[in-house]
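Q: There's a structure below that I have some questions on.
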Amino acid sequence: MNLSAVDLFCKIEAAARTEWQLLRGFPYVGRLENLLRDLIGTPFVELPEDWDEYLHGLATGWIADITALLHPVKPRRRLHRPCPACGAKYHGDDRLPALTLNCWDADEEMMHPSRWDASCEACGAEWTGDDVQWLAAALSAA
């Protein structure tokens, strides 16, 4: 069982039920599939134009979340080295590596190293193009 899928299902269901309650004034009783059709589809009453745009935004956001779950993007590589700009090796409450490297294109194929980019989550420093080669040399020397 994919727990991320279950979590997303619960998130969408809770949000949809809340929006229904706010829009219609009473709770929806039924399955999520029907709720989504009834919430986003043709309304029982005429809605102001801004509600139409708002509901469209909700639906497209949910679609994007589902698509990201089904077709995940390769994550940035986490480099377990101190940042040459600030010295931080880890950051945040989860203590994740501060330095990350993107080496994948939109088709999830490895790009030529001249197109890679790196950044530090701790200080915001960024390296692109030839600077990534300098970063690699600096990290190797450390």
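The values are calculated or read from the model by the stated rules, or taken from the named source; none is laboratory data. Just so it is clear, the model here is predicted, and its values are computed rather than measured. Counting neighbours? That spans all protein chains shown, and the Cβs are built from the backbone with ideal geometry, glycine included.
Q: Could you say whether any residue in the range 84-93 is assigned to a loop (DSSP other than H, G, I, E, B), farther than 30 Å from ARG37 by Cβ and among the charged types (D, E, K, R)?
A: Of the residues in the range 84-93, the ones assigned to a loop (DSSP other than H, G, I, E, B) are 84-89, 92-93.
Then keep just the ones that are farther than 30 Å from ARG37 by Cβ; that gives 84-89, 92-93.
With the extra rule that they be among the charged types (D, E, K, R), the set shrinks to 89, 93.
Scanning the range 84-93 turns up at least one residue that is assigned to a loop (DSSP other than H, G, I, E, B), farther than 30 Å from ARG37 by Cβ and among the charged types (D, E, K, R).
Q: Here's a follow-up. Answer yes or no as to whether PRO82 is surrounded by 15 or more Cβ atoms within 10 Å (Cβ to Cβ) and touching a His at 6+ places or on another chain (Cβ under 6 Å).
A: no
Q: Considering only the range 98-135, state which residues are surrounded by fewer than 16 Cβ atoms within 10 Å (Cβ to Cβ), in a loop (DSSP other than H, G, I, E, B) and either under 18 Å from the mean Cα position of the chain (by Cα) or without any contact (Cβ under 8 Å) to a residue 12 or more places away in the chain (or both).
A: ASP105, ALA106, ASP107, GLU108, GLU109, MET111, HIS112, GLY124, listed by residue number.
Q: Look through ILE12, ILE40, ILE63 and report the one residue that is in contact (Cβ under 8 Å) with a residue 24 or more places away in the chain and within 24 Å of the chain's Cα centre (by Cα).
A: Numbers: ILE40 fails: in contact (Cβ under 8 Å) with a residue 24 or more places away in the chain; ILE63 fails: in contact (Cβ under 8 Å) with a residue 24 or more places away in the chain.
After ruling out the rest, the residue left standing is ILE12.
Q: Answer yes or no as to whether ASP93 is under 22 Å from ASP131 (Cβ atoms), in the same structural domain as CYS120 (by TED's automatic domain parsing) and modelled with pLDDT under 90.
A: So ASP93 does not fit the description; no.
Q: On the phi < 0 side of the Ramachandran plot and either surrounded by fewer than 10 Cβ atoms within 10 Å (Cβ to Cβ) or in contact with a Leu (Cβ under 8 Å, 6 or more places away or on another chain) (or both): is that true of SER140 in this structure?
A: yes
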